[in-house]
Amino acid sequence: MDVAVNSGRWITQTQTAMKKFAVAAALCLVANAATAQSTAPRPLELGIDAGVTIELGDNAVTRIDIPVSAFRVGFPISPRTSLEPKVRLNLATGNDVTLTSYRAEVGLLYHLGSDRYPGAYQRAGVYVRPFLGIVGASVNVDNGEDSSDSAGLLGIGLGWKHPLVSRLSSRLEANFAHQFGDNDSNEIGLLAGLSFFTR
């Protein structure tokens, strides 16, 4: 009788220990999966933009760049922020004159979007983009009367990303920038583009 009681207790204790072990193992697996997901490398954002730039002031100029005005690469540095260099280069020739204009920016995107799925902050929702850069142009004439000019740039943009398919999102942005230089000026920019994510 004692043997039966002791063996029953031993079986009950073993079952309890096994249940505790199974629960502990399941918790470890869940914690490990969560850690792996949070430390997984975030995707790069490769993008192109079409744009309209409206310079304000006495010498107002409107510039339309379609289908592509700039190329950008976003490097995520946290779940909500990414560092984004961006470059634009235009070349026009005619009547023995070559005009080259360029613009280079570095922006810091802060994403306000949802975390419905991994990497969603960078892929969808509203973002804010403060940026700084340089803008300039050079004119080369065959007779040697060349000239060039450049200015610093400081601005901020507000935009929205919308996922289209798995790794492709549309991107819309309105921004305001101030150019520092011999001829200070302000401008408004409207951008529409596509972003491709590397994973």
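The values are calculated or read from the model by the stated rules, or taken from the named source; none is laboratory data. Just so you know, these numbers come straight off a predicted model, no measurement behind them. So basically every Cβ, Gly included, is an ideal-geometry build from the backbone, and we count neighbours across all protein chains shown.
Values as computed for the structure displayed
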read-out: Odd one out for Arg123, checked against (1) basic (Lys, Arg); (2) modelled with pLDDT under 95; (3) under 24 Å from His178 (Cβ atoms); (4) surrounded by 19 or more Cβ atoms within 10 Å (Cβ to Cβ); value: (3)
read-out: Some residue of the stretch 49-60 being of a type outside the set (A, V, I, L, M), touching a helix residue (DSSP H, G or I) at 6+ places or on another chain (Cβ under 8 Å), under 17 Å from Leu132 (Cα atoms) and modelled with pLDDT of 90 or more; value: no
read-out: Check on Ala104, in a strand (DSSP E or B) and either farther than 19 Å from Glu45 by Cβ or outside the structural domain of Thr53 (by TED's automatic domain parsing) (or both); value: no
read-out: Output for the stretch 152-171, where each listed residue is assigned to a strand (DSSP E or B) and within 15 Å of the chain's Cα centre (by Cα); value: Ile156, Gly157, Leu158, Gly159, Trp160, Lys161, His162, Pro163, Leu168, Ser169, Ser170, Arg171
read-out: Scan of the stretch 44-77 for residues that are more than 20 Å from Leu194 (Cα to Cα) and within 17 Å of the chain's Cα centre (by Cα), ordered by number; value: Ile77
read-out: The stretch 172-186, residues that are surrounded by 16 or more Cβ atoms within 10 Å (Cβ to Cβ) and either at pLDDT 95 or above or in a loop (DSSP other than H, G, I, E, B) (or both); value: Glu173, Asn175, Ala177
read-out: Of the criteria (1) touching a residue at least 60 places away in the same chain (Cβ under 8 Å); (2) under 24 Å from Ile188 (Cβ atoms), which one Gln122 fails; value: (2)
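Residue-wise test of (1) of a type in the set (A, V, I, L, M); (2) over 16 Å from Ile48 (Cα atoms).
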position: Gly94; (1), (2): no, yes
position: Thr98; (1), (2): no, yes
position: Ala104; (1), (2): yes, no
position: Ser138; (1), (2): no, yes
position: Leu154; (1), (2): yes, yes
position: His162; (1), (2): no, no
position: Ala174; (1), (2): yes, no
